[in-house]
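Below is one structure, written out as structure tokens; the observations come after it.
Throughout, read-outs are computed from the coordinates displayed, never taken from laboratory work. Note that the coordinates shown come from a computational prediction; the quantities given were computed from them, not determined experimentally. Cβ atoms come from the backbone with ideal geometry, glycine included; neighbour counts cover every protein chain shown.
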Amino acid sequence: MRRIADTTTVLLLTVFTSLIMAAAVGVAQPNNSEQVVFSGTGFGTFDGTPTPVGFWIWCEAESENPYAGECAGSMYFYALRITKHVIDAEEPGIVENADESYTMHVASTDGSVDCFLTNEEPTRNGPRNTVDVECGAPAGSGTSTRAVVKVTGPGD
């Protein structure tokens, strides 16, 4: 008789826990956020100087919280000796394009970096994505063909 009571207790606890978890997931889903990360290194010409360029930038693309459209990260231009923290340059800092690619517009607070970064193809896992970098400051363009582009959340 005790074995049946123990089995019943375990079953009831399992059902109860499952219901609580299902309710929590159901409540959390409307608040999910789509987040996009571009990370890579490449090469380009900026301010007339050929140079390696690198970036790691996170943006919250879609969300119902106050961070929607916000971006933060860093960029460097090796030969120019520029390494800067960047944030979204305008609202929103990221836009999803018709072909499921994304364009980020980021800038440093001192104005020495102001760039648009766009992935060419829909995102794929691993360092196999192409990201084009077009900058007004330092003026020029470059490309990373080994970038990681990661999209998580509702849009992935």
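For residue 139 and residue 47 in the same chain, what is the full-extension length gain: residue separation times 0.36 nm, less their Cα-Cα distance, in nm?
Length gained, residue 139 through residue 47: 32.6 nm.
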Exercise for review: Could I have the simple spin-label model distance between residue 56 and residue 121, label points 7 Å from Cα toward Cβ, reported in nm to one decimal?
Suggested key: 2.5 nm
Point to revise | Pair residue 83, residue 33: separation of 7 Å Cα→Cβ label points (nm) | key: 2.7 nm
